[in-house]
Amino acid sequence: MKILVCISRVPDTTASIIPNEDKHSIDENGIKYIINPYDEYAIEEALLIAAKFDASITALTVGGGQNQDVMRTALALGVHNAVIVKSELKNDSYAIAYNIAEYAKKMNPDLIILGRQSVDFDSMQIPASISAMLDIPLVSVVSKIDFVDNKLMLQRDIENGIEVIQTKLPCIISTQKGLNIPRYPKLPNILKAKKKIIEIIEFKLTENKTEILDFEILNQSRNGTMFPNTDKGIEELIRVIKN
Amino acid sequence: MLREKYMKNVLLYLETEEGYLSKSSKELIVTASNIFKNEEYNLMACTINAKETNNIKEIAPYRIKKYFRIQHQLLENYSIKSISYSIRELCVSENIDIIIFATTAKEMELAPYIATILNAGYLADCVSLEFKTNLLIAKRHIYGGKILAQMQIKTEKQVYSLRVNSTRVDPTRVDSTEKQEVNNNINLENINFIPQLSDIKNDSIVVETKLDKSRLNISDANIVVSGGKGMQEANNFKHIEILAEKLNGAVGASRAVVDAGWRPQSEQVGQTGKTISPNIYIALGISGAIQHVAGISTSKKIIAINKDENAPIFSMCDYGIVADILEILPKINKMI
């Protein structure tokens, strides 16, 4: 079995994000980069499946040379191969999906697994775009995976509950928080990973379909009217809630 | 000599639940009617295998000119591929330029799939869509809600998913100057559309749907009462459940509380939980970390109670009280 895990490198969620002068990008200085939290569930699930079914796992990311850090982490966790599709381009979800699909056409994985969205651009579009490009079924926001005979039974989240979906390989799964508990890489493996080879391949350009016009810091602040912690204050608060 | 303007056709995808328009679909109709007021835009709508009569009544008061009831046996069981190719057939036959979805779990997979097979640009989860002169500009929250991005689609065919606000769907919310014309929309064409879907096989099937109907879910509720680590222990959430019930609202939770196992993942609000947009969001014992606020920033009213007067939530709320949540909450429940 061949598994392709797609990983995105994103700013740590506590990082301070400031737009650059050009207003089309962010200032990367001083930002700590991590593996997209949702992709951690994808890596872990791939490792669990590989342990059961003798599968080989390839981790792939689209990005610049600095993406080596997240790929080394993936290798330290136990993926067998690491690939960087080298591109300085940022935030073009369609182009990223296209390059993943092109790689998948050559690799022919049985399973493609990735996080439901990346916490930088939050487009949630890559899994479905890949599904359309490869004509392989997608089950998204998956919180439980079971292999039953030759079939896959997947639990996915919807607004007010869950659905159980049956499908078969090859398929694409996008992972939801709670699917598993991602492991931490062990120090000996981290050291070994430093010496492993990461394959670098060329990025294929596609037409740019969307355009960024402006980035500004979102001012989340509101005019907080404070009420005192008295009966009168509580009444005021209730009044404001009920209106 | 009269010259015909080039009209653009906008299609609204209306999700249904058990055959009837969902709350988010109704909100999408109102929102889209307010965006596409320009006469150059024809607003249309479609549903998949919906029951007929009720849906028409809800669409008729707005600016929608055509309503397509897409029907096909292959669409009986939800399939991203079948729905997407059905809509593509409709788009080709009706010359649709723009398709708009609401931000719901299923639409977030349909929208990009359809955009890909139509070769259309796609912008997801837009918090607003507005015309600036003749250009359609979308605003999106990115980097966990820290940055507001203004973006536009460069291709002719365009797909958007919109974060619709949870408000009471009200015909008067459509611009009042147009209300008269809108109420007399007797020109709504109701059309059955049967796609061919040749060579399409469903490759995955929904074998079971488990809806938690006992609890109001946070994505749909008008009021969400949410608790954080300040609640001290899982048991204390019973006060929140009581308040939520009195207000006809849903119970939400911060990430810390879900990670601690006090509340289920389905209640988590925030960057790795759900992004919601209720009328009223009440944050109890929640400090207001940016990842949490990212999930509620488009809420109409945010109310916070926390015993720490320096909690970040207080600069991000509309109303607040500094108080020990375990002392004040029972009082509120008594007085409300």
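Could you grab me the full set of residues in segment B:125-136 that are in contact (Cβ under 8 Å) with a residue 60 or more places away in the chain and more than 8 Å from every other protein chain (Cβ to nearest Cβ)?
Pass one, segment B:125-136, residues in contact (Cβ under 8 Å) with a residue 60 or more places away in the chain: B:125, B:127, B:129-131.
Scanning segment B:125-136 gives B:Val127, B:Leu129, B:Glu130, B:Phe131.
What tally of residues in segment B:298-308 results from selecting those that are open to solvent by 20 Å² or more (accessible area, probe 1.4 Å) and at the interface with chain A (Cβ under 9 Å from one of its Cβ atoms)?
The qualifying residues number 1.
If the requirement is being within 18 Å of B:Ala221 (Cβ to Cβ) and under 29 Å from the mean Cα position of the chain (by Cα), which of these qualifies: B:Ile290, B:Ile313, B:Ile305, B:Ile296? Give the steps one after another, and end with the answer.
Numbers: B:Ile290 fails: within 18 Å of B:Ala221 (Cβ to Cβ); B:Ile313 fails: within 18 Å of B:Ala221 (Cβ to Cβ); B:Ile305 fails: within 18 Å of B:Ala221 (Cβ to Cβ).
None of the others qualify; the one that does is B:Ile296.
How many of the residues making up segment B:135-163 are at pLDDT 85 or above and assigned to a loop (DSSP other than H, G, I, E, B)? Explain how you work it out, then say what you get.
As a first pass, look at segment B:135-163 and keep what is at pLDDT 85 or above: B:135-143, B:146-163.
Among the residues that remain, those that are also assigned to a loop (DSSP other than H, G, I, E, B) are: B:143, B:146, B:154-157, B:163.
Residues meeting the conditions: 7.
Quick one: in segment A:210-243, of everything that is under 30 Å from A:Ser25 (Cβ atoms) and in a strand (DSSP E or B), which residue is most open to solvent (accessible area, probe 1.4 Å)? Even if it seems obvious, please write down each step before you answer.
Pass one, segment A:210-243, residues under 30 Å from A:Ser25 (Cβ atoms): A:210-222.
Filter once more, so that each one left must be in a strand (DSSP E or B): A:210-217.
On the way: A:Thr210: 25, A:Glu211: 68, A:Ile212: 30, A:Leu213: 59, A:Asp214: 33, A:Phe215: 0, A:Glu216: 75, A:Ile217: 94 Å².
Checked segment A:210-243; the qualifying residue most open to solvent (accessible area, probe 1.4 Å) is A:Ile217.
When you scan segment B:311-322, do you find a residue that is in a loop (DSSP other than H, G, I, E, B) and more than 8 Å from chain A (Cβ to nearest Cβ), even just one?
Keep residues of segment B:311-322 that are in a loop (DSSP other than H, G, I, E, B), which gives B:311, B:317-318.
Now restrict to residues that are more than 8 Å from chain A (Cβ to nearest Cβ): B:311.
There is at least one residue in segment B:311-322 that is in a loop (DSSP other than H, G, I, E, B) and more than 8 Å from chain A (Cβ to nearest Cβ).
Identify, from the list A:Lys242, A:Lys232, A:Lys192, the residue that is modelled with pLDDT of 95 or more and farther than 30 Å from A:Lys90 by Cβ.
Only one candidate passes the filter, namely A:Lys192.
Quick one: would you say B:Pro278 is under 30 Å from A:Asp231 (Cα atoms) and open to solvent by 50 Å² or more (accessible area, probe 1.4 Å)?
no
Out of A:Lys106, A:Lys86, A:Lys90, I need the residue that is surrounded by fewer than 19 Cβ atoms within 10 Å (Cβ to Cβ) and free of Cβ contacts under 8 Å to residues at least 60 places away in the same chain. Which one?
Working: A:Lys86 fails: free of Cβ contacts under 8 Å to residues at least 60 places away in the same chain; A:Lys90 fails: free of Cβ contacts under 8 Å to residues at least 60 places away in the same chain.
Within the list A:Lys106, A:Lys86, A:Lys90, the selection yields A:Lys106.
Evaluate segment A:199-209: report whether one residue or more is touching a residue at least 60 places away in the same chain (Cβ under 8 Å), over 30 Å from B:Ile200 (Cα atoms) and either open to solvent by less than 60 Å² (accessible area, probe 1.4 Å) or within 9 Å of another protein chain (Cβ to nearest Cβ) (or both).
Yes, there is a match, as at least one residue in segment A:199-209 is touching a residue at least 60 places away in the same chain (Cβ under 8 Å), over 30 Å from B:Ile200 (Cα atoms) and either open to solvent by less than 60 Å² (accessible area, probe 1.4 Å) or within 9 Å of another protein chain (Cβ to nearest Cβ) (or both).
Looking only at segment A:146-184, count how many residues are under 27 Å from B:Asp220 (Cβ atoms) and of a type in the set (Val, Ile, Thr).
6
Of the residues in segment B:114-124, how many are open to solvent by less than 20 Å² (accessible area, probe 1.4 Å) and either more than 7 Å from every other protein chain (Cβ to nearest Cβ) or in contact (Cβ under 8 Å) with a residue 40 or more places away in the chain (or both)?
The number of residues fulfilling the criteria is 3.
Determine whether segment A:72-82 contains at least one residue that is more than 10 Å from chain B (Cβ to nearest Cβ), open to solvent by 10 Å² or more (accessible area, probe 1.4 Å), touching a Ser or Thr at 6+ places or on another chain (Cβ under 9 Å) and closer than 25 Å to A:Ile190 by Cβ.
For segment A:72-82, residues more than 10 Å from chain B (Cβ to nearest Cβ), open to solvent by 10 Å² or more (accessible area, probe 1.4 Å), touching a Ser or Thr at 6+ places or on another chain (Cβ under 9 Å) and closer than 25 Å to A:Ile190 by Cβ: present.
Given the structure, is A:Ile130 within 11 Å of another protein chain (Cβ to nearest Cβ), surrounded by 16 or more Cβ atoms within 10 Å (Cβ to Cβ), within 16 Å of the chain's Cα centre (by Cα) and at pLDDT 95 or above?
Working: within 11 Å of another protein chain (Cβ to nearest Cβ): yes; surrounded by 16 or more Cβ atoms within 10 Å (Cβ to Cβ): yes; within 16 Å of the chain's Cα centre (by Cα): yes; at pLDDT 95 or above: yes.
Considered against the rule, which asks whether it is within 11 Å of another protein chain (Cβ to nearest Cβ), surrounded by 16 or more Cβ atoms within 10 Å (Cβ to Cβ), within 16 Å of the chain's Cα centre (by Cα) and at pLDDT 95 or above, A:Ile130 comes out as yes.
Considering only segment A:3-40, state which residues are more than 10 Å from chain B (Cβ to nearest Cβ), buried (at least 19 other Cβ atoms within 10 Å of the Cβ) and of a type outside the set (A, V, I, L, M).
Of everything in segment A:3-40, those that are more than 10 Å from chain B (Cβ to nearest Cβ), buried (at least 19 other Cβ atoms within 10 Å of the Cβ) and of a type outside the set (A, V, I, L, M) turn out to be A:Cys6, A:Ser8, A:Arg9, A:Asn36, A:Asp39, A:Glu40.
Inspect segment B:307-324 for any residue being touching a residue at least 40 places away in the same chain (Cβ under 8 Å) and either of a type in the set (Lys, Arg) or closer than 30 Å to A:Arg116 by Cα (or both) and give the result as yes or no.
The answer is yes, given that some residue of segment B:307-324 is touching a residue at least 40 places away in the same chain (Cβ under 8 Å) and either of a type in the set (Lys, Arg) or closer than 30 Å to A:Arg116 by Cα (or both).
For B:Glu17, state whether it is facing chain A (nearest Cβ under 10 Å), of a type in the set (Asp, Glu), out of contact with any Pro (no Cβ under 8 Å at 6 or more places or on another chain) and within 26 Å of A:Gly161 (Cα to Cα).
Values: facing chain A (nearest Cβ under 10 Å): yes; of a type in the set (Asp, Glu): yes; out of contact with any Pro (no Cβ under 8 Å at 6 or more places or on another chain): yes; within 26 Å of A:Gly161 (Cα to Cα): yes.
When the stated conditions are applied, B:Glu17 passes them.
Let's see how each residue does on (1) of a type in the set (Lys, Arg); (2) in a strand (DSSP E or B); (3) farther than 21 Å from B:Leu135 by Cβ; (4) at pLDDT 95 or above:
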{"position": "B:Leu12", "(1), (2), (3), (4)": "no, yes, no, yes"}
{"position": "B:Glu39", "(1), (2), (3), (4)": "no, no, no, no"}
{"position": "B:Ser84", "(1), (2), (3), (4)": "no, no, yes, yes"}
{"position": "B:Cys91", "(1), (2), (3), (4)": "no, no, yes, yes"}
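Here is a check on your reading of the model: is A:Lys168 of a type in the set (Lys, Arg) and in contact with a strand residue (DSSP E or B) (Cβ under 7 Å, 6 or more places away or on another chain)?
Working: of a type in the set (Lys, Arg): yes; in contact with a strand residue (DSSP E or B) (Cβ under 7 Å, 6 or more places away or on another chain): yes.
Criteria met by A:Lys168.
Out of everything in segment B:138-165 that is farther than 24 Å from B:Ile276 by Cβ and touching a strand residue (DSSP E or B) at 6+ places or on another chain (Cβ under 6 Å), what residue ends up being farthest from the other protein chains (Cβ to nearest Cβ)? Spell out how you get there, then give the answer.
Step one: of segment B:138-165, the residues farther than 24 Å from B:Ile276 by Cβ are B:152-158.
Add one more test, that the residue is touching a strand residue (DSSP E or B) at 6+ places or on another chain (Cβ under 6 Å), and what stays is B:152-155, B:158.
On the way: B:Gln152: 5, B:Ile153: 5, B:Lys154: 6, B:Thr155: 5, B:Gln158: 9 Å.
In this case the residue turns out to be B:Gln158.
Since A:Arg183 meets every condition but one in (1) of a type in the set (D, E, K, R); (2) open to solvent by 60 Å² or more (accessible area, probe 1.4 Å); (3) within 12 Å of chain B (Cβ to nearest Cβ); (4) touching a residue at least 24 places away in the same chain (Cβ under 8 Å), which condition does it not meet?
(3)
Restricting to segment B:137-151, count the residues that are in contact (Cβ under 8 Å) with a residue 24 or more places away in the chain and either among the charged types (D, E, K, R) or open to solvent by 10 Å² or more (accessible area, probe 1.4 Å) (or both).
The initial filter retains those residues of segment B:137-151 that are in contact (Cβ under 8 Å) with a residue 24 or more places away in the chain, namely B:141, B:144-146, B:151.
Narrowing further to those that are either among the charged types (D, E, K, R) or open to solvent by 10 Å² or more (accessible area, probe 1.4 Å) (or both): B:141, B:146.
So the count comes out to 2.
In segment B:98-117, what residues are of a type in the set (Val, Ile, Thr) and out of contact with any strand residue (DSSP E or B) (no Cβ under 7 Å at 6 or more places or on another chain)?
Residues of segment B:98-117 of a type in the set (Val, Ile, Thr): B:98-100, B:103-104, B:114, B:116-117.
Passing the criteria: B:Thr104, B:Thr116, B:Ile117.
The values are calculated or read from the model by the stated rules, or taken from the named source; none is laboratory data. Since the structure is predicted, the reported quantities are computational estimates derived from the model, not experimental observations. No Cβ is skipped: glycine too gets one built from the backbone with ideal geometry, and neighbour counts run over all protein chains shown. The area values use the complete protein model at the heavy-atom level, side chains included, leaving out ligands, DNA and RNA. Shrake-Rupley method; radii C 1.70, N 1.55, O 1.52, S 1.80 Å.
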